[in-house]
Amino acid sequence: MNLSINGKTELFGIFGYPVEHSKSPVFQNAAFSHLGINAVYLPFSVKPEDLKNAVEGIKALSIKGVNVTVPHKEEVLKYVDELSEEVRFIGASNTIKNIDGYLIAYNTDAYGFIQGLKELIDDISGKKVLVIGAGGASRAVVYGLVKEGVDKIYISNRTPKRAEEIIKDFSKLSRFTEQILESLPLSNIEKVLKNVDIIVNTTSVGLRDEDRPLFDYSKIEKRHIVVDIIYRKTPLLEAAEEKGCLWQDGLPMLLYQGARSFEIWTGKKAPINIMKKALLE
């Protein structure tokens, strides 16, 4: 990757804390280089108490766009000028575009999740889905699934109130949303496994070896499609693989959300294969 930095180089980046582990600079810079765009993408470690100043810095330094990752995705909405439709429903942003000092917040996580899922299954419409977790990632996943026309989404969370909040917030998304979405206690997951086609984990369970399983993974069936948005093969995915399921970790979602951010910033089609190669390397 040849980056030639000069007086006309445009600046992009990612705000997070911590952010050193981010894979985004690797594939975003590969995309800029491949298309001959004079730009560089850098990680910015932004402490929560510095977020407002950092967002002001986007304008002051003429940074063209940033991705936003944990823990800033919700808080950042206070400091931008405009929210896209998906951000208004999801309540979190992972992408900001700077147009001459006017900041627009987008959320490309929903798009990224759906594009990744379509690597496993062409048509998601009419499917029944179990989504575990009710945080920002869950909201993006649910938004994408509703937009794709799924038949049913069970949202299962340790705190049922958070799942119920998603249902309430999404009630205006489609006139059928309240029929599509249902809150489900974690203890009842195994009762609905027979009804669902797709299982999605949006929680951090599986990151640590000592994490307890979300449910009895032996109840997974070969016909299930299993997605875990963590960037590694978790015990849930290992169980899915043993059963012969189609399965996926979080890397496709990361790739496609980043590609969509790239397109929002540049107006150019993202070179997916180049980005994917850089990410996997």
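All of the numbers you see were taken from the coordinates with simple rules; none came from a lab. No experiment lies behind these values; they were computed from the predicted model shown. Don't worry about glycine lacking a Cβ; one is built from the backbone with ideal geometry, like all the others, and counts go over all protein chains shown.
Remarks
- Summed side-chain charge close to K243 - residues other than K243 whose Cβ falls under 12 Å, Lys, Arg +1, Asp, Glu -1: -1
- Result for the chain in a Gaussian network model with C-alpha springs under 10 Å: among V80, V142, V226, the largest mean-square fluctuation is at V80.
- Projected onto planes of every orientation and averaged, the convex hull of the alpha-carbon atoms in the chain covers 14.9 nm².
- DSSP-assigned coil residues among trypsin sites (Lys or Arg not before Pro) in the range 1-106, each with at most 10 further Cβ atoms within 10 Å: K8
- Taking amide H positions as modeled 1.01 Å from N, with prolines and chain starts lacking one, the residues under 5 Å from I230 and 5 or more places away or on another chain are G250.
- Rounded FRET efficiency, nearest 0.05, which uses the C-beta distance separating K59 from K128 and R0 of 41 Å: 0.35
- Neighbour net charge for N67 - beta-carbon separation under 14 angstrom, K R +1, D E -1: +3
- Folded to 0 to 90 degrees: helix 136-147 orientation relative to the chain principal axis, Cα: 70 degrees
- Between V26 and E263, the simple label model (points 7 Å from Cα in the Cβ direction) yields a spacing of 2.3 nm.
- Members of K172/K194; K191/K222; K8/K59; K23/K147; K128/K161; K128/K243 lying beyond 26 Å, as alpha-carbon distances in this model show: K172/K194; K23/K147
- Summed side-chain charge close to I189 - residues other than I189 whose Cβ falls under 10 Å, Lys, Arg +1, Asp, Glu -1: 0
- For the range 111-249: span of alpha carbons on each principal axis (Å, largest first): 39, 33, 26
- In the range 200-262, trypsin sites (Lys or Arg not before Pro) in a DSSP loop with at most 12 other beta-carbon atoms within 10 Å: R208, K222, R223, R232
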